[in-house]
1. For HIS119, all conditions in the list (1) modelled with pLDDT under 80; (2) in the same structural domain as GLY98 (by TED's automatic domain parsing) hold save one; what is the number of the exception?
2. If I filter region 45-81 down to residues being assigned to a loop (DSSP other than H, G, I, E, B) and touching a strand residue (DSSP E or B) at 6+ places or on another chain (Cβ under 7 Å), which single residue comes out as nearest to LEU102 (Cα to Cα)?
3. Criterion first (farther than 18 Å from CYS106 by Cβ, polar (S, T, N, Q), part of a helix (DSSP H, G or I) and free of Cβ contacts under 8 Å to residues at least 40 places away in the same chain) does GLN42 satisfy it?
4. Mind telling me which of the residues GLY60, GLY76, GLY100 ends up being under 21 Å from ARG164 (Cα atoms) and modelled with pLDDT under 95?
Amino acid sequence: MSSDTTRVLVASTKALFRDCLSNVLDRRREFKVIGQAGDATQAVIRAKALRPDVAVLESGAREPDPDAVRQLTDAGCSVLVIASPRADGASRVLQAGGRGYLSSDCDLQELERAIQRVHAGDVVVAARPPRHFLEEVGHEPAAERHTSLTPRELEVLRHVAMGRTNAEIADDLCITEPTTKGHIAKILSKLGLNNRTQLAAYAISHDLVEPTPKVWREPVLAPRSAER
C-alpha cells in the first residue's frame, strides 16, 4: 500500500451504506478501507486495533455522539461525521476534536475530497455553515467588524481561513512566526472572537476568502498545541 494511500474505517448502523461506501473507496487508489463498524462504540474498538487515518462515522438521523468522536480522536485518527441534513451537531463534533462534518445529501466527490482534507490536517464542514453553527462558534452575522483590520491583518485572516498554520502563514507572507502570532492575537481582539475556528467562520461568512467548492474549510482545532 502506497504511503499516499489514506486508510479509512467506515462506521454506520446501515450495512448497505457501509458496504457501498467501502466498495467505492476501495476502487480509488487514494483510499484503502481497512475495516467497518456497525456503530460508534464498535468504531472506537476497531479504530484502536486498526489505527486508520480517517474514521468516517455516519450518524443517520441521530445527533452524532461527541464522546465517540472524542474517543476516536484519542485513538489517533481524524474523524469525519456524516449526518442527516436535519441534524444539528457540527459545533459539538468540532469541539470534541472531530475534523469533518458533512450532510448525508453530499455527493461522492465531496465526501472523497473531505476524507483527503481531514487526513491532510484541515477541518471541513458542509459548504454553507448554518446560522446556528456560526452563532455557536461566536459569530455575529450582521457585524462588519473586519473594517477595523489593517491590510496585513486581512491577509493573515484569509490565510487562517484557508487552513494555514502559523509557520505556513509566516512563510507565505515573508514574516516571522512571532509576528504572525501577534497579528492573529490582534485580529481576535478586534473581531471579538476567541479562536481560529471562529476566525474561519467569520472570514468565510463575510466572503473574505473563497471557499473550496461545496466544502467549507477551516483550520485545525488545536486543543493539543493551542496555537494562536
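The values are calculated or read from the model by the stated rules, or taken from the named source; none is laboratory data. Computed from a predicted structure; not experimentally measured. Counting neighbours? That spans all protein chains shown, and the Cβs are built from the backbone with ideal geometry, glycine included.
1. The failed condition is (1).
2. Out of the qualifying residues, it is PRO64.
3. When the stated conditions are applied, GLN42 passes them.
4. GLY100
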